[in-house]
């Protein structure tokens, strides 16, 4: 009798563990590499750059053969690597001329700077942000297509301060990338891509973004390959020989060097 009861408990425990494992696997985040091609169309010329994105459940590393972030205020516009540490809620930015140094800036730091800029604008007679902020409109369409093997649906993004421009963002619910803080509604993201703090949401991942001006395609960013697999830990870690500098430290160093 005791043996039978134990077997029954083990059986039900096994069923429970099986259900839990299936549930967890359904919610597990993607790990692997994304290959992206960014194309700019300027004066009839086509300029391509390749971006590799290494994704783990709590970190994202972006590597490009050309600059990925404009950091001219720091004396460089050649940033080619950005490590997004979702677990620490910060960004580590590196450029070729930084040698063994990198800029570490946290989400809290960025929010503080944005608040400071907004407060300074108010002090100098600027309008309150809510009154001065452009209106972002999202139009989710029924148009869909497969990009790198994943079904994506088109959302059209427009902004009241750029009436001649449109973004066509193709979002997929099939590629389950953990976006962490990137999917939160914070203003810094909107300074990078129009309306991204509105359309970049948990459970949806951008497979492509096409930018149009007066109906003409001016730039596009599209994932062309998705490879699932374990990412080497070193890919999403800061090398031991790299010194992390705060935003203030980096600015001070640039000023002292006359940059």
Residues of region 70-125 satisfying the condition of being touching a helix residue (DSSP H, G or I) at 6+ places or on another chain (Cβ under 6 Å) and at pLDDT 85 or above | 86, 89, 103, 105, 107
Restricting the search to region 126-158, which residues are at pLDDT below 90, in contact with a strand residue (DSSP E or B) (Cβ under 8 Å, 6 or more places away or on another chain) and not in a strand (DSSP E or B)?
-> 134, 135
Could you figure out which of (1) in a loop (DSSP other than H, G, I, E, B); (2) out of contact with any strand residue (DSSP E or B) (no Cβ under 9 Å at 6 or more places or on another chain) isn't true of residue 231?
-> (2)
Working only within region 81-118, note down all residues that are touching a residue at least 60 places away in the same chain (Cβ under 8 Å), within 15 Å of residue 251 (Cβ to Cβ) and surrounded by 15 or more Cβ atoms within 10 Å (Cβ to Cβ).
-> 101, 102, 103, 104, 105, 109, 110
What about residue 230, is it over 19 Å from residue 86 (Cα atoms) and modelled with pLDDT of 90 or more?
-> no
Among the residues of region 214-226, count how many are surrounded by 13 or more Cβ atoms within 10 Å (Cβ to Cβ) and either farther than 16 Å from residue 170 by Cβ or without any contact (Cβ under 8 Å) to a residue 24 or more places away in the chain (or both).
-> 1
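The values are calculated or read from the model by the stated rules, or taken from the named source; none is laboratory data. Small disclaimer: the values here were computed from a predicted structure and weren't measured. Because the Cβ atoms are built from the backbone with ideal geometry, glycine has one as well, and the counts that use them run over all protein chains shown.
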